[in-house]
Amino acid sequence: MNASNKTSGRPLWVAMLLLSAYAAGCHADETGAAPTARSTYPDGTVTALPINHKITATFSEAMDASTINGFSFTVTAPGEAAVIGTVNLDNASNTAVFKPSSNFGSSTLYTATLTTDAKNTSGMPLENAHAWTFTSAAAIDTHAPTVSSTNPASTIKDFALNASISAEFSEALDPVTVNNTSFTLTDGTTPVAGAVIYGGSTVTFKPTSNLAANTVYTATLKTAVTDLAVPANALANDYVWTFTTGTAVAAGPAAVDLRTAGDFVILSKTGITNVPASNITGNIGASPITAAAMGNVTCAEITGTIYGADAAYTGSGDVTCFVGGASDNARVANAVLDLGTAYADAAGRTVPDHTELHAGDISGKTLYPGLYKWSSDVLISTDVTLSGGPNDVWIFQIAGDLTQANSSSIVLAGGAQAKNIYWQVGGGTSVALGTNAHFEGVILAAKGITIKTGTTVNGRLLAHTAVTLQQNVVAEPAP
């Protein structure tokens, strides 16, 4: 549970810290988006933390290691007593690790806090102080982590040449132990060059270049991989599996052609409302509704152009970011038509790889490239990992609504790219993203998209009705 969204039960000094950090954060977007705490351990999936575990926080970008210390990352016990420990930053995963000097007390509520003393490599502080709580268990962890699943599975054939190799573990790992020494790939005897990426409980090996066709590869996770216990529990034995490549260069269905709708980061038929200040990168537009329906998105909040169905945009009085001539009206109108075509394309794909997966609750899951279909709502209450290569594609066909909980994230692993992830949502409400969440991918909504305070989006928000923002960061995905 993330305590930054609760007021009851929080120590007074934490509440004061959050208020002061909010005031400081009001200016963060003047030079670009501030870093955020994307995920923490423990999170909502851990109900009782072993008393001998470390605490971690993963940031949205590279951080200045000199600012990640006992002042910027603290853990307190009831009565605001500080837990003594050491703090280090794993640069490869952008993860801060708090190691207590002794075991936590059993069955005790603790508060972990990241302050705005934490800064990225450009010197920009954390967007807001970030606090969360956890309850310790009554026992220590002496169990070795195990591999729950791999992608590809052992002995699979026709693996995509440009895909990444990943493994899901039974628990969170110490990020320092996940590297090119502990996770290797060979084509028999010759090592394959690549990058090792860690997030949550997923480890991914991303080859530097495409794998050779029709070749047997061996992946190895070594006993150097450990969990977050103190002392650490190592993988009991080297975990080794083999797979054979085919000749294809991508996994998942063919990408959805957005056509000119892909020229917009936000597109709507009935308007875009906003509680300032948001930070938008990319073009936005609405049609056929009047451009006045975008009036509370100001030029100061957008790096891009606002396209209207007429010339009625007023903003804050500054209209330098707006275009509303006849050709501009036609451009946004055509983009809305292309939105409809793209929506129909995504909704019309047949032969799904997965149907009704996890009964619509994909919280905490790792999903690999493919076509997913649900006749129900879909819920994301804790982090979801999308693991695959840079050309792999995910299409999620959701007949109901898509709801993402507060402070949860969609995490990309193995080189997966937001531009290749499509969320086709057909429900009567469509999409609701909670506060301080992080979303990845292109949303194609039959109705509206509502985003609450502090949530960030790397993707596109394309809706047949309204898009509602509230102090959000929305950026179009890398091409």
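Please treat every number below as a calculation from the coordinates, not as lab data. Quick caveat: nothing in here was measured; it's all calculated off a predicted structure. When we count neighbours, we look across all protein chains shown, and the Cβ atoms used for this are built from the backbone with ideal geometry, even at glycine.
Once you've got the Cα coordinates, tell me which of 54/452; 365/419; 373/447; 99/365 are over 24 Å apart. Among 54/452; 365/419; 373/447; 99/365, the Cα-Cα distance tops 24 Å for 54/452; 99/365.
Report, in deg cm²/dmol and to the nearest 500, the calculated mean residue ellipticity at 222 nm for the chain, where each DSSP H run with n ≥ 4 adds -39500 (n - 2.57) and the sum is divided by the residue count.
Values: 2 runs with 36 residues, N = 479.
One gets -2500 deg cm²/dmol as the mean residue ellipticity at 222 nm.
Going by neighbour counts of Cβ atoms within 10 Å, the residues 63, 294 line up, fewest first, as 63, 294.
What separates the Cα centres of segment 237-261 and segment 63-84 is a distance of 41 Å. Between residue 140 and residue 220, the C-beta separation translates, for a Förster distance of 45 Å, into a calculated FRET efficiency of about 0.95. Sorting 371, 402, 461, 337 from the fewest to the most surrounding beta carbons within 10 angstrom yields 337, 371, 402, 461.
Can you work out the PRE-style zone for residue 247? Point 7 Å along Cα to Cβ, and I want the residues of segment 190-229 with backbone N under 19 Å. So the set is 210-217. Close amide H contacts of residue 195 (hydrogens built in the peptide plane, cut-off under 5 Å, sequence separation of 5 or more or a different chain): 206, 208.
Would you mind finding the longest exposed-site-free stretch of the chain, with exposed trypsin sites (Lys or Arg not before Pro) meaning DSSP loop and at most 14 other Cβ atoms within 10 Å? If you can, show how the numbers build up before the last one.
Details: sites that count: 6, 157.
The longest uninterrupted stretch comes out as 158-479.
Fewest Cβ neighbours within 10 Å first, please rank 256, 457 accordingly.
Numbers: 256 24, 457 27.
By the 10 Å Cβ count, ascending: 256, 457.
Measuring how big the chain is from its alpha-carbon positions, Rg and Dmax come out at 23.0, 70 Å.
Across the chain, the longest piece that holds none of the GluC sites (Glu not before Pro) lying in DSSP loops with up to 15 other C-beta atoms within 10 Å covers 81-355.
Rounded to the nearest Hz, the phi-derived 3J(HN,Hα) couplings of segment 288-298 under the Karplus curve 6.51 cos²θ - 1.76 cosθ + 1.60 (θ = phi - 60°) are x, 4, 4, 5, 4, 6, 10, x, 9, 9, 9, where x marks glycine and proline.
Taking label points 7 Å from Cα along the Cα-to-Cβ direction, residue 190 and residue 47 give a separation of 5.1 nm.
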